[in-house]
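First the structure, in the form of structure tokens, and then the observations on it.
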Amino acid sequence: NTDIAVEGDIVQFAPNIFYAKEADGKVQLNVIRIGSLAGSCSVRYRTLDGSAVAGRKYKKTQGKIDFSPAEHARCIDIELINDDAFDTTLEFKVELFAAKNCTLQIRSTRCRVVVLDDDMFPSNDFEEEIKSGDDAALHAVGFRLLLAFISCTFFNVPTIAWKSIVMFLLAQLGNAYYLFTIMLRVYLVDVVLNLKDEETIDDLLIPGNRSATAMLLGAAWILPNVILTGVDYFDMTVLEMGFNIRKHWRVNLFRKYMNYTDASRREVPIQDLKTSIMTDIPDVVTNGYLILFKSASIIGKIACVAWFMLKEDPQSAIPMAVYPTLMIIWLSCRYKERMVLLSKQGEGESDTQGWLIHAASSHQLISDYKQRGAIVDKFEKALNDQRALSIKAKAFSFWNELLVPWVTILAVGFYMAIFSQHVIRGKLSLGAFLATINVYKDLGDRFQGLYDCFTAMTEAIEPLTGLTGQFNLDIDPRSSMVLQKARADWVSEILGSKSEVGPVSVYDTLPIEFRQVCVLHSPSLRAPKGVNVQVPQGKIVLIRGPHDSGKSTIISTISDLTKLDGGSILYPPHLHVLHVSYHPMMVEGVGLYRNLVFGKDEDEPHNIPRIRRILRRLGLTKPSLLEDLEKSIGKEFGKDSADSKELEAIKLYPNGSASEDELDSEEASAEDEDEEEHEEDGDCDEWLLRLSSSERKRIHLARAFIFNPEVMLMHRPIDDFEPGLSATVLGLLREYVDKRGVEMDPGSAHLRRPRTVLFTSGTNQRPQSVDVIWNVDESGIRVEEG
């Protein structure tokens, strides 16, 4: 990156994620200067689109920041665009570049700005019904809710507004052709083929020539279809909207889900999310929006029929009023029952999918306890319980589908019985009579189509109700914004007007502080007055204590995974804080390499030799594992390096040789691994199936060292290893803190921020490599030097 300078102090965002409410009208970004603060420096900045687009969610901004001597912080103001349209949590980026007399590090040159929308889906008009949490309240305003969704889609989904207008207009071409064919058939019977009436010879399109006129009518019947076919192709290729609308709402729902609070995620089981994304959204898009164009086309045809019938005989248009009147009455009377049936069907399908997902995720436990048959029996019972509901739903649909056909049958029968007398008396032409019978049949078909459209739109209300609930659940960024502001205020309070010029940055002297922290369910953090403790940056802290004393809770509170019942945990917001869970986690479907670099910015160069060295240091040297790594690297970068000399490079130590102690430790570890059984937990990647539990945990740790955050929070990282491997991990933690990264260039350590580790252990060991020990029990946290 040519914009990255390597001189002077470091300039970066603090933090790398900012939160702002759309209603605030602007967001203020903090840019800090870390270093001696001697002399002046400057950087330029610019906004970059993400899911939030300039001109729609924020105003494009660019400019320059100048730092005077001893000045350690500046701000950038970016204007946000407030509107009444719903959006999920959207993001854009701001980039620092063109550094002068300062250093920009790739990881910190860009920040994300998360914009929290304060509008409801699909409209703020339903705020009361949505907050009630009652589906029945939303069902009661179902058609208004559907209209709001249509409006939201029309105005919010890119390109949909103009495409919808053009699609609506083009749909009327078919109606014009339909009206033309009605008139053409009447003209053909009453004029061209009416040989008994000599006066019709004067009304021929080609005077005196019935054959030529008939051929001209045949051509007139065919040629417009060429144009209509072209229009249909244009609709399919250029005006296609279904995919874009489905993608828009699917992405937005998934984005919403990824930002859910824990409580919100509990309200939306994974089977419900899957149903919403794969079934409900397509149904609502098809039956709630795209169906409007089919409805408009049908209504246009009905209008053509009405014009013809009123023109020929005003009395024959009575069905024009009967059809819609009966349809509206019928649908209104059965609306509530339909909503109840659809709701129960949805719940039943969710329960069925839930059984499948739970069985898949618990397959190992089910197999261990020999419960496969019992689980299948329970699944079968769940399906049987749905049968009565299924029969009732079919019966409901059966009677619904009979309305329009019977109205059509009665209308045609009455017309034939009454208006045939008009033909006999010469008051109505035979052509008009026969055409009207066909029109009645067409009218029935059109109203059946319109009725089907209304029925489908009614059925779209139930999934739309579910989506409305999911789109309006609470999200984590709201609390993250509060925590971020508290930490930023704390930093400002400490620094104040401090502008010291010296070798150590003031930001590196700020601690991680517990201030009157209280978590009621944690034995060590529920003291009446809260817990007060702090640790400086650049330390290794061991958190130890008896089981169930709250060690993991301390880790999870620092990473904001556990909510506090009181107090606050404060640390400089520019620090990257990584929570490393006890249970190793892998991302399926992306390969070993992508798992190792997971979390690193796409723009950040990946040092593959460094990755190999870290794996080697952790004893991950099995040939099959090394081959999997090289294959995934080859796949990532478009080359096959599995058989290259690079495979041998991984066997080299950073210093070119290994000590006897290192070799003995690693050989013992390798023997232990060979004896471990491979765990098959349903992962689809073959390399995952080949991993032992020890290898999984070490890859889990390797990923954390590769990510290289400023603060690592680790739950029992060494408890499951044999002593030699535990010592290796502790050595890597020591190197991570002392050299500000593992296997990093020592010459650039001064450009990196201090590294801090807090890790828990279930043993009473006192490793020499730790700096501070937090002894945890019911009395709280007691601090002692390591």
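From most to least packed by mean Cβ count within 10 Å, the peptides 439-451, 403-415 give 439-451, 403-415.
Looking at the square roots a ≥ b ≥ c of the eigenvalues of the Cα gyration tensor of the stretch 380-434, which shape do they give, rounded for a/c under 1.5, prolate if a/b is larger than b/c, or oblate? Walk me through the numbers on the way to the answer.
Values: a/c = 10.10, a/b = 6.26, b/c = 1.61.
Taking the square roots of the gyration eigenvalues as a ≥ b ≥ c, the stretch 380-434 is prolate.
Summary value for the chain: 13 percent relative contact order, contacts being C-alpha pairs under 8 angstrom separated by 6+ residues. What the phi angles of the stretch 572-584 give under the Karplus curve with 6.51, -1.76 and 1.60, with θ = phi - 60°, is a coupling list of x, x, 7, 7, 7, 10, 10, 8, 10, 5, 5, 7, x Hz, glycine and proline written as x.
Counting protein heavy atoms only, the chain has 56 percent of its accessible area on carbon and sulfur, 1.4 angstrom probe.
Comparing A148, P207, T88 along the charge dipole axis of the chain, the residue lying farthest to the positive side is P207, per the Cβ-charge model. Using the alpha-carbon atoms, what tilt in degrees (0 to 90, nearest 10) does helix 372-385 show relative to the longest principal axis of the chain? Relative to the chain, helix 372-385 is tipped by roughly 30 degrees. Converting phi to 3J(HN,Hα) with the Karplus coefficients 6.51, -1.76 and 1.60 and the offset θ = phi - 60°, the stretch 437-443 yields 4, 5, 5, 4, 5, 4, 4 Hz in sequence order, with x at every glycine or proline.
For the stretch 766-781, backbone phi angles converted through the Karplus equation (6.51, -1.76, 1.60; θ = phi - 60°) give residue-by-residue couplings of 10, x, 5, 7, 8, 9, 9, 10, 9, 8, 10, 7, 5, 7, x, 10 Hz, Gly and Pro being listed as x. Available extension along the chain between T159 and I17 is 48.1 nm, counting 0.36 nm per residue and deducting the alpha carbon span. Annotation: peptides 617-626, 210-219, ranked by per-residue average of other Cβ atoms within 10 Å with the highest first, follow the order 617-626, 210-219.
Residues whose amide H lies under 5 Å from that of D119, counting only those 5 or more places away or on a different chain, are D87; hydrogens are built 1.01 Å from N in the peptide plane.
Counting only heavy atoms of the protein chains, get the accessible area per residue of the chain (1.4 Å probe) and round it to a whole Å² value. List each step's numbers first, then the result.
Details: 38810 Å² over 786 residues.
With all protein chains present, the chain gives 49 Å² per residue.
Using heavy atoms of the protein chains and a probe of 1.4 Å, the accessible area assigned to K100 is about 120 Å². Largest accessible area first, the residues W355, W774 order themselves as W355, W774 under a 1.4 Å probe with ligands, DNA and RNA left out. Going by alpha carbons, how many degrees (0 to 90, nearest 10) lie between the helix axis of 660-675 and the longest principal axis of the chain? Between helix and principal axis, roughly 40 degrees.
Calculate, in nm to one decimal, what S479 and L389 gain on full extension: separation in residues at 0.36 nm each, minus their alpha carbon distance. Could you put the intermediate results ahead of the total?
Working: separation 90, 0.36 × 90 = 32.40 nm, distance 4.21 nm.
Gain in length upon complete extension: 28.2 nm.
Taking amide H positions as modeled 1.01 Å from N, with prolines and chain starts lacking one, the residues under 5 Å from S505 and 5 or more places away or on another chain are G35.
Which of rounded, prolate, oblate describes the stretch 1-109, given a ≥ b ≥ c as roots of the alpha-carbon gyration tensor eigenvalues and a/c under 1.5 marking rounded, otherwise prolate only if a/b is larger than b/c?
prolate
Between the amide H of L193 and any residue lying 5 or more places away or on another chain, no distance stays under 5 Å, with hydrogens modeled in the peptide plane. Taking Lys and Arg as +1 and Asp and Glu as -1, the other residues whose beta-carbon sits under 13 Å from that of Q345 total -4. Shown are H700, H248, whose ranking by accessible area with a 1.4 Å probe and every protein chain present, most to least, is H248, H700. Take the Cα of I270, step 7 Å toward its Cβ, do the same at H358, and the gap between the two points is 1.4 nm.
Heavy-atom accessible area for L292, with the other protein chains in place and a 1.4 Å probe, reaches approximately 60 Å². Counting charges near T181 (Lys, Arg +1; Asp, Glu -1) among other residues having Cβ under 12 Å from its Cβ returns a value of +1.
Can you give the net charge of the other residues whose Cβ lies under 15 Å from the Cβ of T200, counting K and R as +1 and D and E as -1?
Values: positive: K196, R210; negative: D190, D197, E198, E199, D202, D203.
It works out to a net charge of -4.
How big is the dipole moment of the chain about its Cα centre under a simple scheme where the beta carbon of each Lys and Arg is +1, that of each Asp and Glu is -1, and everything else is neutral? Debye, nearest 20, please.
Details: 86 positive and 110 negative charges, 392 e Å.
With Lys and Arg at +1 and Asp and Glu at -1, about 1880 debye.
In this Cβ point-charge picture (+1 for Lys and Arg, -1 for Asp and Glu), the stretch 288-373 has a dipole of about 20 debye about its Cα centre. When the chain is described by a simple charge dipole with +1 on each Lys and Arg Cβ and -1 on each Asp and Glu Cβ, the residue from N252, P463, I298 located farthest towards its positive end is I298.
The values are calculated or read from the model by the stated rules, or taken from the named source; none is laboratory data. Fair warning: this is a prediction, and the values are worked out from it, not measured in the lab. Note that each Cβ is placed from the backbone with ideal geometry, even for glycine, and that neighbours are counted across all protein chains shown. Side chains included, ligands, DNA and RNA excluded: accessible areas come from the protein's heavy atoms. Shrake-Rupley method; radii C 1.70, N 1.55, O 1.52, S 1.80 Å.
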